[in-house]
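These notes are about the structure you will find just below.
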Amino acid sequence: MCVDYTDLNKTCPKDPFPLPRIDQLVDDTAGSALLSFMDAFQGYHQIYMHKADEEKTAFLTPDGVYCYQVMPFELKNAGATYTWMVARLFQDLLGKSMAAYVDDMLVKIREEAGHAGDLADCFLVMLKYNLRLNPKKCAFAVQGGKFLDTW
């Protein structure tokens, strides 16, 4: 099914929340002993629409009129909104033991000893806000040197 959000995207102002610079994220990862890569399961679809905005996402099917209760990927500000949410929820971890690029998250540590604790901190935030991961796209406790050599 395809929904055309052209008109809605034209009327919405662009959210200026910046995406992180990918080159800076990679540079900050260098020297890490262990890395854990996590992918949010259907990332954008974990953000609920404001009730008053649901009707603005209405679309027609042969079975009737429906509207999104969660943020659809096609909306102009979906990436900025998700990035803003991740920055807000993980504010105590980002830049320290964690990095994130939209719905891809990384827990990193310079020495192997504390990696499990850093992962636990990340998982506590996920549990608190009911964020789900896609287990098929996650890799835990990958040795940093081996990953960065093959990158």
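Output the qualifying pairs, or none if there are none: Cβ atoms under 6 angstrom, residues six or more apart or on different chains, first residue in the range 123-145 and over 19 Å from LEU25 (Cα atoms) and of a type in the set (A, V, I, L, M), second residue assigned to a strand (DSSP E or B) and modelled with pLDDT of 85 or more.
Listed by first residue and then by second, the contacts come to LEU133/MET38.
For the range 1-83, which helices (runs of 4 or more DSSP H) that fit wholly inside it have 1 or more residues that are open to solvent by less than 50 Å² (accessible area, probe 1.4 Å) and at pLDDT below 70?
Working: elements: 6-11, 22-29, 51-54.
Counting at least 1 such residues, we get 6-11.
Check the range 127-137 and report whether any residue there is farther than 21 Å from LEU34 by Cα, in contact with a Leu (Cβ under 7 Å, 6 or more places away or on another chain) and not small (Gly, Ala, Ser). Working first, answer last.
Residues of the range 127-137 farther than 21 Å from LEU34 by Cα: 127-132.
Then drop every residue that is not in contact with a Leu (Cβ under 7 Å, 6 or more places away or on another chain), which leaves 129.
Next cut, not small (Gly, Ala, Ser) only: 129.
Looking through the range 127-137, at least one residue is farther than 21 Å from LEU34 by Cα, in contact with a Leu (Cβ under 7 Å, 6 or more places away or on another chain) and not small (Gly, Ala, Ser).
In this structure, is ALA120 among the hydrophobic types (A, V, I, L, M, F, W, C), at pLDDT 80 or above and in a helix (DSSP H, G or I)?
On the way: among the hydrophobic types (A, V, I, L, M, F, W, C): yes; at pLDDT 80 or above: yes; in a helix (DSSP H, G or I): yes.
In short, yes.
For LEU106, which of the numbered conditions (1) outside any strand (DSSP E or B); (2) modelled with pLDDT of 85 or more; (3) in contact with a helix residue (DSSP H, G or I) (Cβ under 8 Å, 6 or more places away or on another chain) fails to hold?
LEU106 satisfies all of (1) outside any strand (DSSP E or B); (2) modelled with pLDDT of 85 or more; (3) in contact with a helix residue (DSSP H, G or I) (Cβ under 8 Å, 6 or more places away or on another chain) except (1).
Just one of the numbered conditions (1) open to solvent by less than 40 Å² (accessible area, probe 1.4 Å); (2) at pLDDT 80 or above; (3) assigned to a helix (DSSP H, G or I); (4) closer than 25 Å to ASP53 by Cβ is not true of HIS115; which one?
All conditions are met except number (4).
The values are calculated or read from the model by the stated rules, or taken from the named source; none is laboratory data. The structure displayed is predicted, hence computed values, not measured ones. Note that we place each Cβ from the backbone using ideal geometry, even for glycine, and neighbour counts take in every protein chain shown. Side chains are part of the model used for accessible areas, which takes the heavy atoms of the whole protein and leaves out ligands, DNA and RNA. Shrake-Rupley method; radii C 1.70, N 1.55, O 1.52, S 1.80 Å.
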